[in-house]
Amino acid sequence: MRYLTAAIAMGAALLPQALAAQPQLAVTVDVADSGDTAWILTASALVLMMAVPGLALFYGGLVRAKNAMSVYLQVGAIVAICSLLWIVVGYTLAFGGVEGGWIGDGSKWMMLRLDAWRVDTSLPESAFALFQLTFFAITPALMVGAWVERARFGWVIAFCAIWSLLVYAPVAHWIWGGGWLAQRGVFDFAGGLVVHTTAGVSALVVAILLGRRSGFPTKVMLPHSPSFVMVGAALLWVGWFGFNGGSALAATDDAATAIINTHVAAATAALVWIAVEKIAFGKSTGIGFATGAIAGLATVTPAAGAIGPGAAIIFGFLAAPICYFAIRFVKGKLKIDDSLDVFAVHGVGGILGTLLFSVFGMAVFGGTIATEGSVAAQVGGQFVDQLIGVLAVAGYSAVATAVIALGVSLFLPMRVGEDSERDGLDTATHGEHAWKLD
């Protein structure tokens with residue numbers, strides 16, 4: 001009885017402490033918001049849809065029939081290998097915790113020790129990492145358009161795997177991982193620099209190193225399936241809602257704004273592009289409509305969640321003619337066989353949108369940057385930061401791409417033989433047809 005009385009007394013003494021500790025325990029439980037998490041999981045699926053099947057169909061329709069399967073396989077294999085690399089080491093290189101640095105640390109290799117939620121978000125870190133995985137996978141796949149119909153499959157996979165770790169991951173860290181460009185004030189909402197500038201500039205470098213397709217530029221190489229191009233572009237258009245809307249990292253007004261701006265920029269650019277075609281050639285084409293939409297999407301991406309819808313219309317209106325004439329310049333004047341216009345559409349569009357943000361990101365023009373004092377001074381300062389970001393990312397991407405491409409070519413040749421190029425990569429490399437034509 002004496003022991004029972006002592007136990008009760010001890011319990012009574014400890015009870016107030018236990019009750020006082022309850023609120024503290026509640027705070028340490030996972031605070032991820034279920035609504036935000038659900039949106040990011042959905043956005044991740046939309047971005048993956050952009051790559052397979054969207055990008056695969058878009059690029060596959062633009063090449064000749066004898067090379068369609070090779071494009072599908074390249075896009076799919078790149079997405080697969082980069083997804084694995086992201087788990088092993090890509091995530092920690094891009095988002096490992098080194099504030100103001102050049103590359104992330106190795107503390108989360110193999111995605112070990114992910115936190116209950118990602119800092120500065122209401123997401124579990126696993127959801128954040130999944131969303132960023134889809135960007136890591138689609139970015140090198142964008143470059144496929146530069147080397148279609150002539151690049152060797154083994155070289156493509158090895159190059160893209162190394163490029164994703166040595167180009168994409170560091171640049172993502174510089175801007176989105178708290179690196180030195182972020183510390184400087186460079187702004188990239190959803191990938192104008194991290195995705196489109198890296199891929200666009202790198203694609204141009206590879207196209208130069210690889211050389212032209214046999215017959216370029218005198219031989220007409222018509223797309224084999226404009227209908228596939230339209231279907232692929234439609235999937236990219238819808239998937240881009242996840243690409244840009246998901247970059248808000250929450251189901252908020254920023255996400256809704258990004259999706260509205262994404263849509264109207266694409267719509268504007270598509271219409272302006274077919275108008276330019278009509279003036280230049282007397283006909284508007286489905287391929288032109290699709291290409292214009294992609295140009296508008298790439299251009300609005302770096303500012304999508306930080307500008308007003310009126311500004312997004314301007315982005316799209318400028319994207320169409322500037323990217324259109326960039327194609328003419330690269331292929332017509334420079335004679336560079338960037339076959340599916342990766343640099344002229346994605347690279348030029350991403351750079352254009354990055355710089356336009358300097359003006360239209362200001363609150364006085366409907367943006368999210370509060371304007372105090374001289375608007376001109378603020379615009380000028382932001383423009384300098386954005387320009388530094390463009391020059392740093394483009395310069396690094398160009399040099400690193402050349403080194404990686406040539407280095408891989410020492411072990412795996414970059415280009416197929418003349419016979420394989422003439423017969424088509426579907427049969428020469430993969431032993432199968434996209435279409436049975438007999």
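The values are calculated or read from the model by the stated rules, or taken from the named source; none is laboratory data. Model, not experiment: these values are computed from the prediction. Heads up, the Cβs are rebuilt from the backbone with ideal geometry, glycines too, and the neighbour counts pull from every protein chain shown. Just the protein is used for accessible areas: all its heavy atoms, side chains included, with ligands, DNA and RNA removed. Shrake-Rupley method; radii C 1.70, N 1.55, O 1.52, S 1.80 Å.
Considering only protein heavy atoms, what per residue accessible area in square angstrom results for segment 212-346 with a 1.4 angstrom probe?
Accessible surface, normalised per residue, equals 38 Å².
Build a GNM of the chain with springs between Cα atoms under 10 Å apart, and of 212, 152, 113 the one that fluctuates most is 113. The overall shape of segment 54-175 is prolate: from the C-alpha gyration tensor, with semi-axes ordered a ≥ b ≥ c, the ratio a/c is 1.5 or greater and a/b exceeds b/c.
Rolling a 1.4 Å probe over the heavy atoms of the protein chains gives segment 365-438 an accessible area of 58 Å² per residue.
Solvent-accessible surface of segment 97-157, taken per residue with a 1.4 Å probe and all protein chains present: 37 Å². What a 1.4 Å probe finds exposed on the chain is 70% carbon and sulfur by accessible area, rounded to a whole percent.
Residue-wise HN-Hα couplings along segment 271-286, as the Karplus relation 6.51 cos²θ - 1.76 cosθ + 1.60 with θ = phi - 60° gives them from phi, are 5, 5, 4, 6, 5, 4, 4, 4, 5, 6, 10, x, 9, 9, 10, x Hz; Gly and Pro carry x.
For the set 331, 278, the ranking by accessible area, highest first and with no ligand, DNA or RNA atoms included, is 278, 331 under a 1.4 Å probe.
Given 25 °C and 0.890 mPa s, compute D for segment 129-236 with the Stokes-Einstein relation, Rh being the Kirkwood radius over Cα pairs; round to the nearest whole µm²/s.
Taking Rh from Cα pairs, D becomes 156 µm²/s.
Remark on residue 98: its backbone amide H falls under 5 Å from those of 105, a criterion applied only to residues 5 or more positions apart or on other chains, H modelled at 1.01 Å from N.
The Cα trace of the chain gives Rg and Dmax of 24.5, 104 Å, the first to one decimal, the second as a whole number. Its DSSP H runs of at least 4 residues, each contributing -39,500 (n - 2.57), put the calculated 222 nm mean residue ellipticity of the chain at -20500 deg cm²/dmol, to the nearest 500.
Along the chain, counting only GluC sites (Glu not before Pro) with a DSSP assignment other than H, G, I, E or B and at most 14 other Cβ atoms inside a 10 Å radius, the longest segment between sites is 100-371.
Counting only aspartates and glutamates at least 8 places from residue 66 when in the same chain, those with an alpha carbon closer than 12 Å to its own are 149, 421, 423, 426, 432. About the centre of its Cα atoms, the chain shows a dipole size close to 960 debye [charges on the beta carbon of Lys, Arg (+1) and Asp, Glu (-1) only; nearest 20 debye].
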